[in-house]
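Below is one structure, written out as structure tokens; comments come after it.
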Amino acid sequence: MTDEGTGVWMYTVVGNGPLGDDLPTGVAGERARTVEAAGLTAVVGTVGLDLFGDAALRHNLEDLDWLEEVARAHDAVVGAVADTADTVPIRLATVCPDDDRVRSLLIERRSDFEAALRQIAGRAEWGVRAVADTTAPPEDAPDAGGPGAGARYLARRRAALSSRESIERAVEAEADDVHSALLQIAAGGRRQRPTAPVLAGTRAWMPLNGTYLVDRARADEFAAAVAALQDTHQRLRLDLTGPWPPYSFTGIDDVHEEPS
């Protein structure tokens with residue numbers, strides 16, 4: 001696919017059914033539209049390959065401001081569709097040569113899309129992050145010196161390290177408990193890669209970065225459970241986000257288009 005002319009940006013896939021004509025604008029300011037095949041509907045947009053072709057994307061995706069703007073526009077289309085239908089989001093920056101290739105993908109991956117739609121039917125994704133401070137208690141004032149000062153210093157250092165390790169174990173146990181409790185309500189859950197222990201120069205640490213697939217009918221119950229877990233897990237600060245389109249639970253990691 002050359003970087004001239006236009007291509008077709010894929011946003012999401014739903015089962016056949018009316019989505020209405022009021023789809024939002026997409027990553028290129030284009031009006032999102034639909035392509036149908038194999039009992040499925042892809043929500044797509046026509047984009048210029050000068051900005052969204054292979055070479056242009058390789059360059060533009062390194063521009064974080066550009067990437068953020070495009071990701072927001074992509075998510076806005078996916079979110080709007082998710083408000084009206086169960087939907088399988090497509091990975092950002094999936095561009096096909098034309099509508100025929102989109103139809104071919106729907107036919108080739110029909111069983112995968114149908115399985116994903118069954119999995120997420122009537123459900124949405126929620127995020128729960130647990131943040132903790134693993135700072136050990138402050139050390140005593142420095143030793144004034146004299147016989148045994150070095151040994152006393154090493155003993156204090158060992159005690160501080162042991163205290164921090166004990167705090168980390170307790171925090172991890174609480175995070176495990178929160179995740180297990182939420183899985184009793186959610187239809188599915190995943191622990192995503194946590195952030196580094198040091199955030200913005202603090203000791204903040206994220207022992208749980210979880211995503212959960214929750215029946216829409218149980219959304220209030222899930223939110224109430226997070227609030228109750230916050231009350232009983234004082235070492236953690238729990239942050240609930242959502243509902244989101246089920247990016248983490250479709251089982252479709254990638255959709256490849258064929259270069260022309």
Restricting attention to region 97-116, which residues are surrounded by fewer than 17 Cβ atoms within 10 Å (Cβ to Cβ) and closer than 16 Å to ASP86 by Cβ? ARG110, ASP112, GLU114, ALA115
Selection count where residues are surrounded by fewer than 15 Cβ atoms within 10 Å (Cβ to Cβ) and free of Cβ contacts under 8 Å to residues at least 40 places away in the same chain, scope region 37-59: 2
Look at region 88-125 and say how many of its residues are within 23 Å of ASP215 (Cα to Cα) and β-branched (Val, Ile, Thr). 3
Do we find a residue being over 21 Å from the mean Cα position of the chain (by Cα), part of a strand (DSSP E or B) and closer than 19 Å to GLU114 by Cα anywhere in region 14-24? yes
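Results for (1) under 20 Å from SER248 (Cβ atoms); (2) modelled with pLDDT under 90; (3) of a type in the set (Lys, Arg), shown as yes or no for each residue.
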{"site": "LEU64", "(1), (2), (3)": "no, no, no"}
{"site": "GLU69", "(1), (2), (3)": "no, no, no"}
{"site": "ARG72", "(1), (2), (3)": "yes, no, yes"}
{"site": "ASP75", "(1), (2), (3)": "yes, no, no"}
{"site": "ALA80", "(1), (2), (3)": "yes, no, no"}
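Yes or no: LEU199 touching a strand residue (DSSP E or B) at 6+ places or on another chain (Cβ under 9 Å), modelled with pLDDT under 75 and of a type in the set (A, V, I, L, M)?
Working: touching a strand residue (DSSP E or B) at 6+ places or on another chain (Cβ under 9 Å): yes; modelled with pLDDT under 75: yes; of a type in the set (A, V, I, L, M): yes.
So LEU199 fits the description; yes.
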Name the residue that is nearest to the chain's Cα centre (by Cα), counting only residues in region 89-117 that are over 16 Å from LEU23 (Cβ atoms) and among the β-branched types (Val, Ile, Thr). THR94
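Here's the yes/no breakdown for (1) farther than 22 Å from ILE252 by Cα; (2) of a type in the set (Gly, Ala, Ser); (3) touching an Asp or Glu at 6+ places or on another chain (Cβ under 6 Å):
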{"site": "GLY5", "(1), (2), (3)": "yes, yes, no"}
{"site": "TRP9", "(1), (2), (3)": "no, no, no"}
{"site": "GLY26", "(1), (2), (3)": "no, yes, no"}
{"site": "ALA37", "(1), (2), (3)": "no, yes, no"}
{"site": "THR41", "(1), (2), (3)": "no, no, no"}
{"site": "VAL47", "(1), (2), (3)": "yes, no, no"}
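Could you check region 31-71 and list, in sequence order, the residues that are acidic (Asp, Glu) and over 25 Å from the mean Cα position of the chain (by Cα)? Walk me through it before giving the result.
The first filter runs over region 31-71 and keeps only residues acidic (Asp, Glu), leaving 36, 50, 54, 62-63, 65, 68-69.
Passing the criteria: GLU36, ASP50.
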Out of (1) in a helix (DSSP H, G or I); (2) over 26 Å from LEU57 (Cα atoms); (3) touching a residue at least 24 places away in the same chain (Cβ under 8 Å), what's the single condition that is false for ALA85? (1)
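The values are calculated or read from the model by the stated rules, or taken from the named source; none is laboratory data. Quantities reported herein were computed from a predicted structural model and do not represent experimental measurements. For neighbour counting, all protein chains shown are included, and Cβ atoms are generated from backbone atoms with ideal geometry for every residue, glycine included.
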